[in-house]
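Student: Once you've had a glance at the structure underneath, I'll fire off some questions.
The values are calculated or read from the model by the stated rules, or taken from the named source; none is laboratory data. As the structure is a prediction and not an experimental result, all values here were calculated from the model. Heads up, the Cβs are rebuilt from the backbone with ideal geometry, glycines too, and the neighbour counts pull from every protein chain shown. Heavy atoms of the whole protein, side chains included, go into the accessibility calculation; ligands, DNA and RNA do not. Shrake-Rupley method; radii C 1.70, N 1.55, O 1.52, S 1.80 Å.
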Amino acid sequence: MTDQTQIAYFTEEASAETVNARVSDDADARLKTVMESLVKHLHAFVKDVELTQDEWGVAIDFLTRTGQICGGNRQEFILLSDVLGVSMLVDAINNRRPSGATENTVLGPFHVDGVPDYEMGANITKAGGRETCRFFGTVTDLDGHPVAGARIDVWSDSEDGFYDVQQPDVQPRHNNRGVFTTGADGKYWFDGIKPVSYPIPDDGPVGQMLGHLGRHPYRPAHMHFIVSAEGFDPVTTHTFVAGDDYLTSDAVFGVKQSLIATFDPVEGGETRWQSRYDFVLQRS
Ligand code: BEZ
Ligand code: FE
């Protein structure tokens, strides 16, 4: 058998080569690189586990249900990517930063555009809450110089562990969300509530998969931030509540040690808690 016939007809041995040989030389070069690698690794995986016909059927059914539940506010494929660690890997590859710069983590599905701009110091919690918290810190460049005009887009869950968009009939719109802009000193401060840990949406195929794998669906308590400023790389990140039970088992692998923030009780203050976190941006 010549090499040519080996890849013209499908064989178990040369399966990936046979598929990749069909890709046209005119195909987009990057697409060719990505797809050839995907096919190579996918075939290697199928061979590695010697996938049975039944397992193949389960996988097709799983992917079908994953697609069927998508729509509107639900993106189950991103959730699948999140729980497989792929979202964090893509994020890591695309956001390599020098030591000292604030690290990125996952955006998550609950960011909303068009949130109100608040005066510095405003309270973003519109539905009340007992565990009130003052968030504060500075935005600087890598040399410690304050960054003026930095936009801080922040959001968190409620004390019951839900974002406003998950409970449109229960929480006021834009509850626990706000946008702030730093002045010349690069400082920020605002009030909200101390976030709580919560499960990712686990009533679909991804949640079922976690169950079968003996994995819990929880994320450690965190505050979401997108910090951006002219001339700097934007940072999409969280601060995580130090001491949370799920810090080392985040369902979506979003925790980085540098993002763990202390939440300190305040005696006789305007809020019960305070949490300082300083953001460091890299020039673009
Ligand atoms: C979140 O933190 O909002 C989140 C991130 C990934 C998946 C689900 C939720
Ligand atoms: Fe979140």
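Student: Would you confirm whether any residue within segment 173-196 is surrounded by fewer than 20 Cβ atoms within 10 Å (Cβ to Cβ), within 16 Å of ligand 2 (Cβ to nearest atom) and closer than 25 Å to GLU119 by Cα?
Tutor: For segment 173-196, residues surrounded by fewer than 20 Cβ atoms within 10 Å (Cβ to Cβ), within 16 Å of ligand 2 (Cβ to nearest atom) and closer than 25 Å to GLU119 by Cα: present.
Student: I've got another one for you. Look through PRO109, PRO116 and report the one residue that is at pLDDT below 95 and either open to solvent by less than 30 Å² (accessible area, probe 1.4 Å) or within 16 Å of the chain's Cα centre (by Cα) (or both).
Tutor: PRO109
Student: Something else now. Can we say ASP153 is in a strand (DSSP E or B), within 14 Å of ligand 2 (Cβ to nearest atom), surrounded by fewer than 22 Cβ atoms within 10 Å (Cβ to Cβ) and at pLDDT 95 or above?
Tutor: yes
Student: So which of GLY114, GLY100, GLY149 ends up being free of Cβ contacts under 8 Å to residues at least 60 places away in the same chain, more than 16 Å from ligand 1 (Cβ to nearest atom) and at positive phi?
Tutor: GLY114
Student: Give segment 74-133 a look and list any residue that's of a type in the set (Ser, Thr, Tyr), away from ligand 2 (no atom under 16 Å from the Cβ) and in a loop (DSSP other than H, G, I, E, B), or say none.
Tutor: SER99, THR102, TYR118
Student: Could you list, in sequence order, all residues of segment 198-229 that are within 16 Å of ligand 2 (Cβ to nearest atom), open to solvent by 40 Å² or more (accessible area, probe 1.4 Å) and not in a strand (DSSP E or B)?
Tutor: Hits for segment 198-229 are ASP202, HIS216.
Student: Which residue is farthest from SER284 (Cα to Cα), if the candidates are limited to segment 143-188 and must be aliphatic (A, V, I, L, M) and over 24 Å from the mean Cα position of the chain (by Cα)?
Tutor: Only one residue fits best here, namely VAL170.
Student: Something else now. Identify, from the list PHE240, PHE253, PHE232, the residue that is in contact with a helix residue (DSSP H, G or I) (Cβ under 6 Å, 6 or more places away or on another chain), open to solvent by 20 Å² or more (accessible area, probe 1.4 Å) and modelled with pLDDT of 95 or more.
Tutor: PHE253
Student: Continuing with this model, one more query. Within segment 142-186, count every residue that is over 20 Å from ILE200 (Cα atoms) and of a type in the set (S, T, N, Q).
Tutor: 2
Student: Filter segment 256-276 for residues that are part of a strand (DSSP E or B) and over 30 Å from LEU210 (Cβ atoms) and give the result.
Tutor: Within segment 256-276, ASP264, PRO265, TRP273, GLN274, ARG276 meet the criteria.
Student: From the list HIS216, HIS212, exactly one residue is assigned by TED's automatic domain parsing to the domain that holds ASP141, more than 13 Å from ligand 1 (Cβ to nearest atom) and free of Cβ contacts under 8 Å to residues at least 24 places away in the same chain. Which is it?
Tutor: Exactly one residue qualifies, and that residue is HIS212.
Student: In segment 11-28, how many are open to solvent by 70 Å² or more (accessible area, probe 1.4 Å) and either assigned to a helix (DSSP H, G or I) or under 23 Å from VAL86 (Cα atoms) (or both)?
Tutor: Residues meeting the conditions: 1.
Student: Please give the number of the condition PHE253 fails out of (1) assigned to a strand (DSSP E or B); (2) of a type in the set (Phe, Trp, Tyr); (3) within 12 Å of ligand 1 (Cβ to nearest atom).
Tutor: Of the numbered conditions (1) assigned to a strand (DSSP E or B); (2) of a type in the set (Phe, Trp, Tyr); (3) within 12 Å of ligand 1 (Cβ to nearest atom), the odd one out for PHE253 is (1).
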